[in-house]
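This report concerns only the one structure given below.
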Amino acid sequence: IAEQFGLRIISTSAGLVPFTLHVEDKQRLSPLSGISLAVEIHAACGTSFKRDLLFTHRGLSGPAVLQISNYWQPGEPIWIDFSPDQPLAELLQQQSQRHPNQTLTNALGHTLPKRLAERLCEGLASADQPLSQLLKQDRIELQQRLHRFQIKPNATEGYRTAEVTRGGIDSDEISSKTLEAKRVPGLYFIGEVL
């Protein structure tokens, strides 16, 4: 009906929806299924949200992911800061003062869920060494993994689990006070069609 009257239509898509992952990422992150934590998540467009993230057996969910899904475009990566309120340097300094012989993995496990700390330290040469022996290149790599973890979602779970539908009649075409089409007197629209 809106198209018949020349109103602008924005393509619809699933909104506020979890992400699915590519097979390799799914296999790598599936051991983290069930872990939930506060993160800051970023989309390529520059939008970010500081909310909870949930690792699922299919991918990523939780309030942060649902919010960022509205700004994510297929093929683009997202970035996750697993410790948005505490920089890695501060975290490591705190832990090395308290427990200088503690390993990097155990030190991170005081702030993050243990399985996530192990995954972030995986493959680092000094992961199981005392904090005092942390290699510079491992510190740099861990900084990236902890504060700028990049992942490229495969897709969203689609309308099956979406909270809302994005798109529809462009809201600029409708009066926010009366919900009447600005260019077609007597024509009104409400709800998810907008």
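The values are calculated or read from the model by the stated rules, or taken from the named source; none is laboratory data. Quantities reported herein were computed from a predicted structural model and do not represent experimental measurements. With ideal geometry, Cβ positions are generated from the backbone for all residues, glycine too; neighbour counts draw on all protein chains shown. Note: accessible area is taken over every heavy atom of the protein model, side chains too, but ligands, DNA and RNA are not part of it. Shrake-Rupley method; radii C 1.70, N 1.55, O 1.52, S 1.80 Å.
The table that follows gives values for the structure above.
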{"read-out": "Subset of the range 28-60 [under 21 Å from Gly158 (Cβ atoms), surrounded by 15 or more Cβ atoms within 10 Å (Cβ to Cβ) and touching a His at 6+ places or on another chain (Cβ under 8 Å)]", "value": "none"}
{"read-out": "When residues of the range 142-166 are limited to those that are open to solvent by less than 50 Å² (accessible area, probe 1.4 Å) and among the polar types (S, T, N, Q), the one nearest to Pro84 (Cα to Cα)", "value": "Thr156"}
{"read-out": "Of all residues making up the range 70-120, the number that are in contact with a Gly (Cβ under 7 Å, 6 or more places away or on another chain) and under 30 Å from Ser13 (Cα atoms)", "value": "1"}
{"read-out": "Lys177 farther than 27 Å from Ser33 by Cα and basic (Lys, Arg)", "value": "yes"}
{"read-out": "Failed condition for Asp81, given (1) open to solvent by less than 60 Å² (accessible area, probe 1.4 Å); (2) under 17 Å from the mean Cα position of the chain (by Cα); (3) free of Cβ contacts under 8 Å to residues at least 60 places away in the same chain", "value": "(3)"}
{"read-out": "Residues being assigned to a loop (DSSP other than H, G, I, E, B) and open to solvent by 100 Å² or more (accessible area, probe 1.4 Å) - total across the range 177-194", "value": "5"}
{"read-out": "Condition check for Glu90: closer than 22 Å to Ile140 by Cα, among the acidic types (Asp, Glu) and open to solvent by 50 Å² or more (accessible area, probe 1.4 Å)", "value": "yes"}
